[in-house]
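Reviewing the structure listed below.
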Amino acid sequence: MELINQIVPMFGNAAFAIVAFIVALSVIVTVHEYGHYIVGRWSGIHAEVFSVGFGPRLFSWVDKHGTRWQVAALPLGGYVKFLGDANAASVGSEDVAPEIDPRRTMLGAPLWARAATVVAGPVFNFILAVLVFAGSAMVQGQAVDPLTFDSANDLPPSFEVGLEYGDVLVAVEGLKFNDPERTEGLVDLLPSQQQLDYTVLRDGEETTVTGPYIMPSLIGQVTPRSAADEAGLVKNDVITAVDGAPVFSFMQLQQHVIAAEGTPVTLSLWNEGETRDVTLTARRTDVPKTGGGFETKYLIGVSSSFFFEPLTETINPWAAIKYGANGVWLSATTTLSAMKHMVLGNISTCSLSGPVGIAETSASMARKGTQSFIWLIGALSAAVGLMNLLPIPVLDGGHLVLYAYEAVARRKPTEKAIQVFMFIGLALILTMIPFTILNDTVLCP
């Protein structure tokens, strides 16, 4: 992605956002459609065409199973056309030659085969997301237990760091790091001062050294499309003052932002010895609560981290897969909760991103590096899998609703009923697309 960052000035931010969006979308849709294809093939359903993109065919080849694989001119998705389908959405049917076995068509296959083929698309999206999250966890590793100091992040000279590589952190200001009852709320119990006393185990002996506030006003991550992102804040910026008032902890920054209640604030920043001032305005944001539901806060879109990097160890593959699965589950439950609260009017529709917002987010994550962009592909893949399972006609979930009806009623819906059902779904989607674009560009820019 470093090469891409050099190309951005040549083509402009808009072009970069489009390219990043197309790359992410192509990966996600190809995996989704491959799920349909491979499970359909295993189920005895023949795929005539597997297309990456829409429109005129650029190049193609036919495999030994008789499926034409093609790349089309419009890289905005893709599709699988099964034998007997009237179109790429597997809606309706076309006349099938008498010599063709109906069992090899989507509409003539047993119910179990059709249902498995349809649900495979979202399932493959979830699998991709799990693998991406698991891979990210394995690359990053996990902090060794007990917590051990590796290296300090770059901070202004006024922050004194007395810890050394290999120091095992025992306590800070007398509060033990390994106390399970205090781990979550440790920061809240610390005195509000720039330097703290750390008890560490060094060369087998306990000693006390001085170190910075454990969560200083150091930016660990910047949320894409947030006020901070648009103002140019980056990872490792240190916020030294807010509206001229010195700060040394992330908690102080939060207090200033909350007190501003959406009015502009000026941040004084330090990064690698250079200083600059940036003025931005926090935005009302709906964020999920730990116990469920949402709450509205004023946020600038940054998160913090410890003043140091802990010593890490590699996560074993099984633990990484569990981490990835938990990440997908959390993403799905949070998304469903957000949709519920949007319908009830409890939170703003600004939580909903459309093509423009996703493209901007893709560009922002791509600029952060390869790992961040791949992580975004995983997150989007989980979202696409979940959205496709919604019981909306035209989507996979709509097909599954029809199959559920068939299983209960022991007969297929009439052709007319299917057409009406699909028309309603298409109308909903065609209505949502311009709304989400308007939401991204006008209502919630």
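Can you give the FRET efficiency for Met339 and Ala404, using 1/(1 + (r/R0)^6), R0 = 25 Å, r = Cβ-Cβ distance, to the nearest 0.05? All intermediate terms of the calculation are to be shown ahead of the outcome.
Details: r = 21 Å, r/R0 = 0.84.
Plugging the Cβ-Cβ distance into 1/(1 + (r/R0)^6) gives 0.75.
Through the Karplus equation 6.51 cos²θ - 1.76 cosθ + 1.60, θ set to phi - 60°, convert the phi angles of region 423-430 into ³J(HN,Hα) values in whole Hz; use x for Gly and Pro.
4, 4, x, 5, 5, 4, 5, 5
Rounded to the nearest 500, what is the chain's calculated 222 nm mean residue ellipticity when only DSSP H runs of at least 4 contribute -39500 (n - 2.57) each, over all residues? Before the final figure, lay out the partial values.
On the way: 11 runs with 188 residues, N = 445.
The helix-only estimate for the chain comes to -14000 deg cm²/dmol at 222 nm.
Starting from the Cα gyration tensor of region 216-333, take the square roots of the eigenvalues, sort them a ≥ b ≥ c, and report rounded, prolate or oblate (rounded when a/c is under 1.5, otherwise prolate if a/b is larger than b/c, else oblate). Walk me through the numbers before you get to the answer.
Values: a/c = 2.45, a/b = 1.43, b/c = 1.71.
In terms of gyration-tensor shape, oblate.
Assuming 0.36 nm per residue, please report the length gained on full extension of the stretch Leu189 to Trp69 beyond their Cα-Cα distance. Before the final figure, lay out each step's value.
Details: separation 120, 0.36 × 120 = 43.20 nm, distance 6.07 nm.
Extra length available between Leu189 and Trp69 comes to 37.1 nm.
Quick one: Karplus J couplings for region 160-177, per residue in order, coefficients 6.51, -1.76, 1.60, θ = phi - 60°, nearest Hz, x for Gly and Pro?
Each residue of region 160-177 in turn: 8, 10, x, 7, 10, 4, x, 5, 8, 7, 9, 7, 10, 6, x, 8, 6, 5 Hz.
Mind checking the angle between helix 111-140 and the chain's longest principal axis? C-alpha axes, 0 to 90 degrees, to the nearest 10.
For 111-140 against the chain, the angle is about 20 degrees.
Using alpha carbons only, how many degrees (0 to 90, rounded to 10) separate the axis of helix 2-11 from the longest principal axis of the chain?
70
Amide H to amide H under 5 Å from Gly78: which residues, 5+ apart in sequence or cross-chain, H placed 1.01 Å off N in plane?
Under 5 Å from the amide H of Gly78 lie the amide H atoms of Gly53, each far enough along the sequence or on another chain.
Using a Förster distance of 25 Å, how high is the FRET efficiency between Asn316 and Thr290, based on the Cβ-Cβ distance and rounded to 0.05?
Details: r = 28 Å, r/R0 = 1.11.
Calculated value: 0.35.
Could you pull out the GluC sites (Glu not before Pro) across region 195-262 that fall in loop regions by DSSP (anything but H, G, I, E, B) with no more than 16 other Cβ atoms inside 10 Å? Don't skip to the answer; put the middle values down first.
On the way: sites: Glu205, Glu206, Glu230, Glu261; in loops: Glu261.
Of the GluC sites (Glu not before Pro), the ones in loops of region 195-262 whose Cβ has at most 16 other Cβ atoms within 10 Å are Glu261.
I'm spelling it out carefully: the read-out is Kirkwood radius over Cα pairs in Å, the candidates are (1) 21.8; (2) 36.5; (3) 25.2, and one was derived from this structure. Which label?
Among (1) 21.8; (2) 36.5; (3) 25.2, the one calculated here is (3).
When the chain is fully extended, how far beyond the present Cα-Cα distance does Glu164 get from Leu390, taking 0.36 nm per residue of separation?
76.1 nm
Over the chain, with the other protein chains present, what is the accessible area per residue in square angstrom, probe 1.4 angstrom? Write down the numbers at each step before the final one.
Details: 23400 Å² over 445 residues.
Using a 1.4 Å probe on heavy atoms only, each residue of the chain averages 53 Å².
Once you sort the root eigenvalues of the Cα gyration tensor of region 288-345 as a ≥ b ≥ c, which label holds: rounded (a/c under 1.5), prolate (a/b larger than b/c) or oblate (the other case)?
Details: a/c = 4.02, a/b = 1.45, b/c = 2.77.
Note, shape of region 288-345 comes out oblate.
Between the DSSP loop rule and a limit of at most 10 other Cβ atoms within 10 Å, which trypsin sites (Lys or Arg not before Pro) in region 31-73 are left? Mind dumping the intermediate values first?
On the way: sites: Arg41, Arg57, Lys64, Arg68; in loops: Lys64.
Listed in order of number, the matching sites are Lys64.
The values are calculated or read from the model by the stated rules, or taken from the named source; none is laboratory data. Every value quoted in this text rests on a predicted model; they were computed, and no experiment measured them. Backbone-built Cβ (ideal geometry, glycine too); neighbour counts: all protein chains shown. Each accessible area value is taken on the protein alone, full model and side chains, heavy atoms only, with ligands, DNA and RNA left out. Shrake-Rupley method; radii C 1.70, N 1.55, O 1.52, S 1.80 Å.
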